[in-house]
Every structure is written in C-alpha cells, then in structure tokens.
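Encoded as structure tokens, the structure appears first; notes follow it.
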Amino acid sequence: NYFVPGGTYYSAANNFYFYHSGTRTNYSNIGATLAAYLVQRISGDDYSHYCDTAIFAKLCMDNTALKLAGLSDTTLIARPYRWTGTYYFDEGLYGYPDYPDGQLRTNITALARFMTMYTQHGIYNGERILNSATVDTMLSPQHNIFGQGIFFYRYLSNGDTLWGHTGGDAGVSTAMFFNMQKQIGAIVFCNGDGTITNNMQTIFDQVYKYGLTVTPAPTDTFPACHYTYTAVPQLAMNNAFTLNIYPNPTADLLHIDINGRKANHPLKLTITNMVGAISQVQMLNSDNITINTSGLSNGIYILRIEGDGQQQIMKFVKN
C-alpha cells in the first residue's frame, strides 16, 4: 500500500527520491519496514511472530515484543515523557503501522543478550542464532558508504569503533553500540526526549567508558529465563516548582534556587554520576541552598530534586 502504485498510501512524489539506487543514501524508516516485509513473505510467518520464535525465544528475551498485544502486563513498560518546557507530558503507549522500524518493547537484560550474540559472531549460550558470515556482512560498509552497515552503523566512543544503532521518538531515547574486538558494549534507555548528538551521546560515552574498566568474573552471568520484573510506577510529573543551579568550580560549591515549592513540603536532593551511583542525598527545607561538591571527582552528574509526587532533573559538570 506504500510502495505499489494504486496502494492506499502510495505517492510517487512523496514516497521516493528522484535518483537511482546506490548513487546516494538517506536514512529510511520505511526501508526497515520493507526489509521486515521481505522476512514475512520469505518465512511465510507474521513478522512479529517470527521475531518471537526465531529471535526472542532463542535468546531468552523475556518481556519483549514488537506489539503491545505481545505483552501481558503493560504496567511493566516505562511511560514515555516529553518535556514541554514547564512540565513532563505523558505521551502514552502509542504505536504505528510501520512498527518494524521501531516500537520494540524490551529491557536492558534482554537486549544485552541480543547484543552479546553479535559480539560472539552470532552465537549465544552455545547456540548459533546467525551465521558468522551474516554478522560480518551486517557490520561491513555498504555501497562504499563509510560507516553504514546493514541497519547498524559505526560510532566512535572513547577512541574505539563501535557498531550499533540509536532510537528516538516522542518521549523515548535509546542507544545500543558494541565493540566487536573487545566484546564490550553499552545500552542506554531513556523514557524522555533526546538524541545521540547531545545528551544521549554524553550518557552513552560515560557508560561505555565505565564498561571498559570492568573485568567480568566467572560468576557474572545473565539471570535465568522468565525473570520476574517489577511494575514501573507512573509519576505525577506536572511540576509546580522550577530550579536554577549555579556551579562555582573555583570554590567546589553548587548553589541551588528552588522556585514555587509548596509550603511545608520537604524535598529530597539526590546526586548521581553517569552510571547511576549515588554520590549525595539530603533533605531540603530551604528554597536557597549551597552544597559542597569537593567530595565529587571531576565529571558529569545528574541532580534530582523530588517530593510530593513532583521532581526536577538537571545536569551539572564538576571540573
């Protein structure tokens, strides 16, 4: 209906570029959907069901589905939030008809199994999922286009060449990239807007940098299949208060101004580094406070102030 003349969504002017295949390149969501349609026609199976049986089940990717109907408990899905400039707006659990180009609902553990299969050239837990030659082809430049493989593309992080992909939609930002030589990768899921070119790049690079310092132990294994997950609470994100922060790198101080807080409602301040380790926690009973950051090493930190069902999150840099 999109590609064939006479189809409901066909448009010669809007659906196609006016140059020959292989001469130029463009990012194409509908191209990913077309590839999934080929899988469906060749296998004779519905694409989402094919993924369930040929990929997700074999990799023990629990609570993973391309369609909401494939998940029995949607409370396990983090809500996608969009920042309006004054408050967070819940985008809801939406979908779209060309779903193979996105909309996969999964979790870090499940997707890490998928990523591990690639770093082991198509093998996971002793079982071959993809031919080694297939992996090599997918992670090779196509049509003399440097850095673009089949769906996955190259990304430089901390001096290493990685392969992977990002994802972004209303209230959602994701990234998965891996180093084939070092067999190390990182995955970042955010239920908020962002792109790999700004805040997502910063987060991913820090997580991958941390991964380079970790030496796995023999006991470091994936959880057993059919792991029990905890429902994600939906928070009231329409914030009544706003924040202004003023780092003072010369004195190792961070001044915070809170505007519009409800009277007699204490707030909690939490500072974490980019891999989620908590560096500082304290209760706030004043709208103007100054905290000492001398105990923090240089780097990027996330400051969260929350209370009474509301929260504000900001980023600051310790030099």
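The values are calculated or read from the model by the stated rules, or taken from the named source; none is laboratory data. What you see is a predicted model, and the numbers here were worked out from it, not measured in a lab. Cβ placement follows ideal geometry from the backbone for every residue including glycine, while neighbour counts extend to all protein chains displayed. Heads up: the accessible areas ignore ligands, DNA and RNA and are worked out on the full protein's heavy atoms, side chains in. Shrake-Rupley method; radii C 1.70, N 1.55, O 1.52, S 1.80 Å.
Remark: pairs (first residue in segment 165-181, closer than 11 Å to residue 200 by Cβ and aliphatic (A, V, I, L, M); second residue open to solvent by 30 Å² or more (accessible area, probe 1.4 Å) and not in a strand (DSSP E or B); Cβ separation under 6 Å; 6+ apart in sequence or on different chains) = 175/196.
Residues in segment 189-217 that are part of a helix (DSSP H, G or I), at pLDDT below 85 and farther than 13 Å from residue 155 by Cβ: 1 in all. Looking across segment 152-187, the residues that are loosely packed, with under 15 Cβ neighbours inside 10 Å and part of a loop (DSSP other than H, G, I, E, B) come down to 158, 159, 170, 181, 182, 183. Among the residues making up segment 17-38, a single one is over 26 Å from residue 66 (Cβ atoms) and open to solvent by less than 60 Å² (accessible area, probe 1.4 Å): 22.
If you take the residues of segment 218-247 that are open to solvent by less than 60 Å² (accessible area, probe 1.4 Å) and over 21 Å from the mean Cα position of the chain (by Cα), which of them is modelled with the lowest pLDDT? Ranking the qualifying residues of segment 218-247, first place goes to 239. Which count do you get for residues in segment 64-78 that are open to solvent by 60 Å² or more (accessible area, probe 1.4 Å) and in contact with a strand residue (DSSP E or B) (Cβ under 8 Å, 6 or more places away or on another chain)? Here the count works out to 0. In segment 279-311, the residue that is modelled with the lowest pLDDT out of those that are open to solvent by 20 Å² or more (accessible area, probe 1.4 Å) and under 21 Å from the mean Cα position of the chain (by Cα) is 300.
Which of the residues belonging to segment 18-38 are within 19 Å of residue 142 (Cα to Cα) and either outside any helix (DSSP H, G or I) or among the hydroxyl-bearing types (Ser, Thr, Tyr) (or both)? Once the filter is applied, which keeps residues that are within 19 Å of residue 142 (Cα to Cα) and either outside any helix (DSSP H, G or I) or among the hydroxyl-bearing types (Ser, Thr, Tyr) (or both), segment 18-38 yields 19, 20, 21, 22, 23, 24, 25, 26, 27, 28, 33. Considering the conditions (1) open to solvent by 70 Å² or more (accessible area, probe 1.4 Å); (2) of a type in the set (D, E, K, R); (3) in a loop (DSSP other than H, G, I, E, B), residue 41 is excluded by exactly one of them, (3). When you check residue 109 against the structure, is it farther than 26 Å from residue 68 by Cβ and assigned to a helix (DSSP H, G or I), yes or no? No; evaluated as a whole, the condition is false for this residue. Residue count for segment 119-151 satisfying the condition of being under 17 Å from residue 28 (Cβ atoms), open to solvent by less than 80 Å² (accessible area, probe 1.4 Å), touching a residue at least 24 places away in the same chain (Cβ under 8 Å) and within 24 Å of the chain's Cα centre (by Cα): 1.
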